[in-house]
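What follows is a single structure, written as structure tokens, with notes after it.
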Amino acid sequence: MKKISSLNRATLMFPLALVLFEFSVYIANDMIQPGMLTVTREFNASEAWMASAMTAFLLGGALFQWLFGPLSDRIGRRPVMLGGTVFFIIACLATLFSNSIESFIILRVIQGIGLCFISSVGYAVVQEAFEEKAAVKVTAMMANVALIAPLIGPVAGAFMIGLWPWRMVFVFIAAVSTIALIGLALHMPETVQPRKEKLPLSHIWHDYCAVFRNRYFLMGALCIPLLAVPLIGWIAMSPLILVADGHLSVIEYGLWQIPVFGSLIAGNLVLAMQADRWRLGTSVGYALYPIGCGIAVMLLGAALFKTPYFLVLGISLISFGEGLSVAVMVRFTLTESDISKGTVAAAMGIVSMLMYGIGIELYKLLYLFTGMMGFALLSTAVALLYWRLSGKVVRRAMAARVTGHGTAQGSAR
């Protein structure tokens, strides 16, 4: 199919439907976060389960990345994406029958599988259907809509849980996902030619080996979660930091998320507005300044003032830098391999979800034993590693676009 270069109402209908599903999946985590104290108390479980519930959700996001990407390469993107949306709706409704913390955590894993369809199928279609700069702008705009979930999710979840039983959160999410399903069914393009041959595991293994042997792909795939891990750690731990330890109400907890996700949206908006003016990759360098300032604020606040509000300011600055960078890093990483984009996107998703899960557990352990300084120090280590890797990835990708090599597919091995 011919790649889309102009953005108008007709060409944006599919990204809007996809981002509504992405919003639904994300809000399945964000809306229940302020209610996790209620969940653990109902099931007579420890408060430590609050962060583990998000880890379980991200584990689900890593489970079948390896399969859905290659499967969509063979049978088409549409059937895999539409089937995944139906699966997620059923998983949300199943929460109505949860009667223990163990069954709740299992359902969180199952619901997290919805993440697999977004990263390994949905975003692969965006990269295949749109030309490069248009794809970056669409990805940045989609990120803004998706980021409404963590911005309003905690507040909306707090209000909803105050009025109705916490299980109604998942009924609401299932309803929103149903609207997304209708939009995807009507507007999602098919960007691959379905193949009739079977899907042998040996071919899948061969493709993934080729992708992961590409060290430039691997560096880019690591940069994306390293960039996001401080924010992910904050999302997982903020109920404990602000509500359980900081004694804020769930409404106050939700309001303190606004500067964090507002900054992330602002970074994405700046990137979307400047994408045609800036050389692709420039924004990643600019983003290092707010990220460095955010780390400094977190370290100083944890050392001198011991108040969580400095964590909020530091994470907000880091989030602004993430907004400036992540869409570009996704594009650079996807084009570092000439293996089919479904497999490459799935490989990126596997790396990201595993890194997020490990990061959350490390943040939980460090915070429980060392408090806010542990949170700040881990964020510092992650930011330094991102700085080392991202510089190499961006220099290579920008040079490739000057010479004309690797712009569309990439062939690094």
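Restricting attention to the stretch 241-255, the residues that are touching a helix residue (DSSP H, G or I) at 6+ places or on another chain (Cβ under 6 Å), among the hydrophobic types (A, V, I, L, M, F, W, C) and touching a residue at least 40 places away in the same chain (Cβ under 8 Å) total 5.
Let's see how each residue does on (1) assigned to a helix (DSSP H, G or I); (2) buried (at least 20 other Cβ atoms within 10 Å of the Cβ); (3) among the polar types (S, T, N, Q):
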| site | (1), (2), (3) |
| --- | --- |
| 242 | yes, yes, no |
| 261 | yes, yes, no |
| 264 | yes, yes, no |
| 269 | yes, no, no |
| 279 | no, no, no |
| 288 | yes, no, no |
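Of all residues in the stretch 372-380, at least one satisfies being touching a residue at least 24 places away in the same chain (Cβ under 8 Å), over 16 Å from the mean Cα position of the chain (by Cα), surrounded by 24 or more Cβ atoms within 10 Å (Cβ to Cβ) and under 30 Å from residue 215 (Cβ atoms). Of all the listed residues (48, 10), the sole one being among the aliphatic types (A, V, I, L, M), more than 27 Å from residue 179 (Cα to Cα) and surrounded by fewer than 22 Cβ atoms within 10 Å (Cβ to Cβ) is 48.
Matching residues to (1) over 20 Å from residue 111 (Cα atoms); (2) out of contact with any Ser or Thr (no Cβ under 9 Å at 6 or more places or on another chain):
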{"site": "3", "(1), (2)": "yes, yes"}
{"site": "18", "(1), (2)": "no, yes"}
{"site": "62", "(1), (2)": "no, no"}
{"site": "69", "(1), (2)": "no, no"}
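Every residue in the stretch 181-221 that is in a helix (DSSP H, G or I) and more than 28 Å from residue 332 (Cα to Cα), please. Scanning the stretch 181-221 gives 181, 182, 183, 185, 186.
Being under 21 Å from the mean Cα position of the chain (by Cα) and under 30 Å from residue 2 (Cβ atoms), is that true of even one residue in the stretch 88-99? There is no residue in the stretch 88-99 that is under 21 Å from the mean Cα position of the chain (by Cα) and under 30 Å from residue 2 (Cβ atoms). For the stretch 272-285, the set of residues classified as over 21 Å from residue 399 (Cβ atoms) and touching a Leu at 6+ places or on another chain (Cβ under 7 Å) is empty. Cβ-Cβ distances below 6 Å connect the following pairs, each with a first residue in the stretch 334-361 that is over 27 Å from residue 233 (Cβ atoms) and surrounded by fewer than 24 Cβ atoms within 10 Å (Cβ to Cβ), a second residue that is among the small types (Gly, Ala, Ser) and modelled with pLDDT of 85 or more, and a separation of six or more residues or different chains: 339/210. Within the stretch 367-377, the set of residues being assigned to a helix (DSSP H, G or I) and either within 15 Å of residue 238 (Cβ to Cβ) or not aliphatic (A, V, I, L, M) (or both) comprises 367, 368, 369, 370, 372, 374, 375, 376.
Of the numbered criteria (1) under 19 Å from residue 26 (Cα atoms); (2) surrounded by 21 or more Cβ atoms within 10 Å (Cβ to Cβ); (3) modelled with pLDDT of 90 or more, the one residue 150 fails is (3). Just one of the listed residues (364, 392) is in a helix (DSSP H, G or I), closer than 22 Å to residue 241 by Cβ, basic (Lys, Arg) and touching a residue at least 60 places away in the same chain (Cβ under 8 Å), namely 364. On the given criteria, is residue 158 assigned to a helix (DSSP H, G or I), modelled with pLDDT under 90 and crowded, with 19+ Cβ neighbours inside 10 Å? Yes. Just to be sure, is residue 30 in contact with a helix residue (DSSP H, G or I) (Cβ under 6 Å, 6 or more places away or on another chain), among the acidic types (Asp, Glu) and closer than 14 Å to residue 239 by Cα? Yes; evaluated as a whole, the condition is true for this residue.
The values are calculated or read from the model by the stated rules, or taken from the named source; none is laboratory data. Being a predicted model, the structure only gives us computed values, none of them experimental. With ideal geometry, Cβ positions are generated from the backbone for all residues, glycine too; neighbour counts draw on all protein chains shown.
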